[in-house]
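Computed from the coordinates by the stated procedures, all read-outs in this text should not be read as laboratory data. Small disclaimer: the values here were computed from a predicted structure and weren't measured. Cβ: placed from backbone, ideal geometry, glycine included. Neighbour counts: every protein chain shown.
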Amino acid sequence: MNRYFVGYRKHTIISRSSQGPVPLLSIVLPANVHDVDVLLPLVEKLKEVEKLDIEYLVADLGYYDGDKHIKVLTEHDVIVTTGVKSNAILPENVTEDLKVLCQADHPLVWDGFDKKELFSWYKGDEKYCQSCLFSATCDKSFDFSYMENR
């Protein structure tokens, strides 16, 4: 270890624009601070910017933490989305390519998100529902709770 070396990392939130990527905010911290520990401070700083309404934030896997994502959503009304870690345990009705399936193992269509209750809503895909054996008894509407599936 070199006693003159100083390590740091810059965490930046970037927005897309027609002109290309635009940096909105950066935080520089020591290199030993984990990405996931920077997520909440980044969002808090971003929320201080007037007239800037952020609904979704896309982050890399270094910022993945289900509990912190829920905290950012409930406290700041921002949905954080990342990839899925390779060792993540998926719910039984979710495939490895992240498709949610109904009881007949047909892929469902995402239909919205309830921020207050932390539910994702899905509906049956008509191209599968028309010929499905469960069609008469299926309500074709499904929900997925983030609180139950952490």
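Here are the numbers for this structure:
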{"item": "Rg/Rh ratio calculated on Cα atoms of region 89-150 (Kirkwood radius)", "result": "0.98"}
{"item": "³J(HN,Hα) computed for each position of region 113-127 - Karplus, 6.51 cos²θ - 1.76 cosθ + 1.60, integer Hz, glycine/proline x", "result": "9, 9, 5, 6, 8, 6, 10, 9, 9, 10, 10, x, 8, 4, 5"}
{"item": "Inter-probe distance in nm under a simple model that places probes 7 Å from Cα toward Cβ, at W110 and I89", "result": "2.5"}
{"item": "Test item: Cα-centred dipole of region 89-150, Lys/Arg +1 and Asp/Glu -1 on Cβ, debye", "result": "140"}
{"item": "Amide proton proximity set for I14, modelled H, under 5 Å, gap of 5+", "result": "L24"}
{"item": "Of V22, V33, H69, farthest towards positive along the dipole that unit charges on Lys, Arg, Asp, Glu beta carbons give region 16-75", "result": "V22"}
{"item": "Charge dipole of the chain about the Cα centre (unit charges at C-beta), most positive-ward option of V80, L46, C138", "result": "L46"}
{"item": "Neighbour-count ranking [beta-carbon atoms within 10 angstrom, fewest first] of T137, T12", "result": "T137, T12"}
{"item": "MRE, 222 nm, helices only [DSSP H, n ≥ 4, -39500 (n - 2.57), over the chain, to nearest 500]", "result": "-4500 deg cm²/dmol"}
{"item": "Order of K68, K99 - criterion: other Cβ atoms within 10 Å of each residue's Cβ, fewest first", "result": "K99, K68"}
{"item": "J(HN,Hα) series, region 50-66, from Karplus relation 6.51 cos²θ - 1.76 cosθ + 1.60, nearest Hz, glycine and proline x", "result": "5, 6, 10, 10, 9, 9, 10, 10, 9, 10, 7, 4, x, 9, 7, 6, x"}
{"item": "Neighbourhood charge, 9 Å Cβ-Cβ cut-off, centred on D143 and excluding it, Lys, Arg +1 and Asp, Glu -1", "result": "-2"}
{"item": "Amide H contacts under 5 Å for R9, placed H, 5+ residues apart", "result": "L29, A31"}
{"item": "Burial ordering of Y128, Y8, Y122, fewest other beta-carbon atoms within 10 Å first", "result": "Y8, Y128, Y122"}
